[in-house]
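I have placed the structure first, in the form of structure tokens, so that the comments after it can refer back to it.
The values are calculated or read from the model by the stated rules, or taken from the named source; none is laboratory data. Because the structure is predicted, anything quoted here is derived from the model rather than measured. Backbone-built Cβ (ideal geometry, glycine too); neighbour counts: all protein chains shown. Each accessible area value is taken on the protein alone, full model and side chains, heavy atoms only, with ligands, DNA and RNA left out. Shrake-Rupley method; radii C 1.70, N 1.55, O 1.52, S 1.80 Å.
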Amino acid sequence: VLSSSLPRLVREFVAQNNTTQIKHVIQILSQEFALSQHPHSRKGGLIGLAACSIALGKDSGLYLKELIEPVLTCFNDADSRLRYYACEALYNIVKVARGSVLPHFNVLFDGLSKLAADPDPNVKSGSELLDRLLKDIVTESNQFDLVGFIPLLRERIYSNNQYARQFIISWILVLESVPDINLLDYLPEILDGLFQILGDNSKEIRKMCEVALGEFLKEIKKNPSSVKFAEMANILVIHCQAADDLIQLTAMCWMREFIQLAGRVMLPYSSGILTAVLPCLSYDDRKKNIKEVANVCNQSLMKLVIPEDDEMDEAKQSMTLLAEPTSEESLSKPEAASSVWKDITALNQPLSFLCSSERIQVTLNLDGIVQVLDCHLHDTSIGMMTRIAVLKWLYHLYIKTPRKMFRHTDSLFPILLRTLSDESDEVILKDLEVLAEIASSPAGQTEDPSASDSSDVRLAPHLELHVPARTNQLSSSGTKGLECSPSTPTMNSYFYKFMINLLKRFSSERKLLETRGAFIIRQLCLLLNAENIFHSMADILLREEDLKFASTMVHTLNTILLTSSELFQLRNQLKDLKTPESRNLFCCLYRSWCHNPVTTVSLCFLTQNYKHAYDLIQKFGDLEVTVDFLTEVDKLVQLIECPIFTYLRLQLLDVKNNPYLIKALYGLLMLLPQSSAFQLLSHRLQCVPNPELMQECTKPSSGFKRTTASNIDYTELLQHFEKVQNKHLEARHQRAGRAEQLDRRVVL
């Protein structure tokens, strides 16, 4: 009946234009057959509906709702054979109606997406035939309702079923290939779902998704002006932190293109981007590709920060093109930097101005960036390359936006100082560059420099380094040892603070001083003014209460001064004391060098103050001669044989004008026990050409003049030396007394 009578009956109704009877026939087929409780009736109903559609021909479009709904209901039938018949029936209905089914596309797509995951192979095969037919219809039509379809696609794209995912991707590829359908406008709606599918276990599905994302990226590069970069920025930030390597690499590649194409439009999202990118910089060779792309992202993002970002006032900020992320959307805590970046509301309009040469005005979210950088510096688990990148960012920000960055300096300063204890020399070098920029930038200058000088000395008493008052507290001879030399560049208010805290760190971490102290100070002398560094450190050490540390620190500074190539110019400045500035520096250094008797003598040798050196050595007889003391004398003798004191050894040839040099060296010889250093110095003195040395020393030497140092009161300096050494002697006795008391307690 269904194969012969029903089509003839329907065609007669069509010829009569009897829509009422046609609807009546469809209703009977639907209600009494297709939706029947009996399986055979349902099968018959499906066949009847298909036959009815064929009989209707081009008029079937008028009755599609009535024809399709009962068939779609049968897609959920428990009997796999009925589901197959439903696929077959719908295929015939769609084949006849063609483009007329497009208004019903969403319900058809919904039904097909369920059948794509059907366990029965016959049903799945039937659904694939129907799917291909529907794709052909969409491809050849220009009336597809993309706006109405996107919500359904956005919902279905999060399916976890492999077949459903494959079905979704296949449709995205089809829609992408249709010239009249601009799926790129709606990419923000489905991009997250695509990255989710990219992590599927099936290689085939992953490959399909890669192709789809690759096509989208090609389209973005061709038409950047129509891309809503801002709406997708945070989606990429999330997936750049994915555990799956393919997802992370793909997202990172997209991020690289976004930064290069959108430029400063990406700046408001810098905090999130850095949160995702920075950890990747420390990946090993197993993730080399991700590391390389992340490095490009990092470098490209850094270039977007310009000096104008430091000058943008509040009025300009209120008129920026893109809104700066709010405090709720930005990182509120350092711990949040490693978590998934929160979504930020962005503009819904495409960035049609991207091709314009006019500069885009956006707000740099500096607070968020600094918070992320600070968080990564605090994280001890991050790799060396990440720490270097963080420090490069801080340096770059201090160069490009110094005024705004100095608002964060007080919070960054402690972690920057702690980073000096890093295991990597490269990290320490970059850290020193940042600290040097902070200490020398004009933006860090305050009206009252002394305000910051003592701001960091209110810590634990055992770590405290007392800061000398910034007044002329020396003798009335004209030297101003506590003031910066007028010949050196003026440092900002953070310079002295930096010196205080650096010495404080050396005091609390003696291992740092022993292993990296010289390295740190030498690098600082390259980055900053060496005279300022030595002047300020001597200034601070002058009032240091921990005398043992002061002696150790002075010895370290003296070794650097005498041996480092970085200090060549400063040594030349001190060698002749020709200027008031050099004499001022000598007096300042001398007063702190008095914490260590042997270094004081070496400073006198460097500055060619040989008579004063001889006078000092005469005082050594009143000091407590310890093994450490003799070891330092031994090192000084070794140092005299080095190239740095070549001029001193040559002056031994001029006995007439340098008698006190020879007497000073003989004084050192008399201090030494019979050792290799004794033999070395003894052999050197045997080379002195004048055999009647001691007689010559008693005669006044008209040639020995030090007019350049005539303003220095050496008597006062010698008294200061005695005073400091008495303090050291008293401190040693106190330490010995405490040790004795401790031993008694242990015995008891």
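Quick one: go through the stretch 68-98 and flag any residue whose amide nitrogen is under 17 Å from the point 7 Å out along the Cα-to-Cβ line of His40.
81-82
For the stretch 543-638, report the accessible area per residue in Å² (1.4 Å probe, heavy atoms, rounded to an integer). The partial results should precede the final answer.
Details: 3350 Å² over 96 residues.
Result: 35 Å² per residue.
Carbon-plus-sulfur fraction of the accessible area of the stretch 366-443, 1.4 Å probe, in percent?
The value for the stretch 366-443 is 50 percent carbon and sulfur by accessible area.
Normalised by the number of residues in the stretch 1-144, what is the relative contact order in percent for Cα pairs under 8 Å and 6+ residues apart?
About 20 percent, as a whole number.
Using only alpha-carbon positions, what ratio does the radius of gyration of the stretch 366-443 give when scaled by 2.2 N^0.38 Å?
Compactness ratio reported: 0.99.
In whole Å, what is the distance between the alpha-carbon centres of the stretch 603-640 and the stretch 238-292?
Each part reduced to its Cα centre gives a spacing of 60 Å.
Identify all lysines with a Cα-Cα distance to Lys392 below 16 Å; exclude those on the same chain that are fewer than 8 residues away in sequence.
Result set, ordered by chain and number: Lys303, Lys400, Lys430.
Each residue of the stretch 86-97 in turn: what ³J(HN,Hα) in whole Hz from Karplus with 6.51, -1.76, 1.60 and θ = phi - 60°, glycine and Pro shown as x?
So the Karplus estimates, Gly and Pro as x, are 4, 4, 5, 5, 5, 4, 5, 5, 5, 4, 6, 6 Hz.
Over the stretch 138-283, give the accessible area per residue in Å² for a 1.4 Å probe, as an integer. Could the numbers behind the result be given before it?
Working: 5350 Å² over 146 residues.
Per-residue accessible area for the stretch 138-283 comes out at 37 Å².
Put a dot 7 Å past each Cα toward the Cβ at Glu311 and Leu9; how far apart are the dots in nm?
If labels sit at Leu9 and Glu311, their model points lie 8.6 nm apart.
Apply 1/(1 + (r/R0)^6) to the Cβ-Cβ distance of Asp425 and His396, taking R0 = 22 Å, and write down the FRET efficiency to the nearest 0.05.
Numbers: r = 21 Å, r/R0 = 0.94.
Rounded to the nearest 0.05, the efficiency is 0.60.
Which whole-number value in Å² is the accessible area per residue of the stretch 366-443, probe 1.4 Å?
Dividing the accessible area of the stretch 366-443 by its residue count gives 36 Å².
Given points 7 Å out from each Cα along the Cα-Cβ axis, report the Gln143 to Gln651 separation in nanometres with one decimal.
Going from the Gln143 label point to the Gln651 one covers 10.5 nm.
Of the accessible area of the stretch 18-121, with the probe set at 1.4 angstrom, what percent is carbon plus sulfur?
52
Just to confirm a number: summing +1 for Lys and Arg and -1 for Asp and Glu over residues other than Ser141 whose beta-carbon lies under 13 angstrom from that of Ser141, what do you get? Can you show the working numbers first?
Numbers: positive: Arg98, Lys135; negative: Asp136, Glu140, Asp145, Asp180.
Surrounding charge for Ser141 is -2.
Could the peptides 108-114, 574-580 be put in order, highest first, of the mean number of other beta-carbon atoms found within 10 Å of their residues?
Sorting 108-114, 574-580 by mean packing, highest first, produces 108-114, 574-580.
Peptides 679-689, 266-276, 718-728: what's the order by average Cβ count within 10 Å, highest mean first?
For the peptides 679-689, 266-276, 718-728, the packing ranking is 266-276, 718-728, 679-689.
Could you look at the stretch 543-605 and say what percent of its accessible area is carbon and sulfur, using a 1.4 Å probe and all protein chains?
Within the stretch 543-605, the accessible surface is 50 percent carbon and sulfur.
Order Glu566, Glu204 by their accessible area, 1.4 angstrom probe, all chains in place, largest first.
If we order Glu566, Glu204 from most to least accessible, we get Glu204, Glu566.
With a Förster radius of 56 Å, plug the Cβ-Cβ distance of Glu292 and Arg81 into 1/(1 + (r/R0)^6) and report the FRET value to the nearest 0.05.
For R0 = 56 Å, the calculated efficiency reads 0.50.
Net charge around Ile382, counting only other residues with Cβ within less than 13 Å of its Cβ (Lys, Arg = +1; Asp, Glu = -1)?
Charge balance in the 13 Å sphere: -3.
Could you tell me the number of lysine pairs in the stretch 1-144 with C-alpha atoms less than 14 Å from each other, where the two lysines are 8 or more residues apart or belong to different chains?
Details: Lys23/Lys65; Lys58/Lys95; Lys95/Lys135; Lys114/Lys124.
Number of lysine pairs found: 4.
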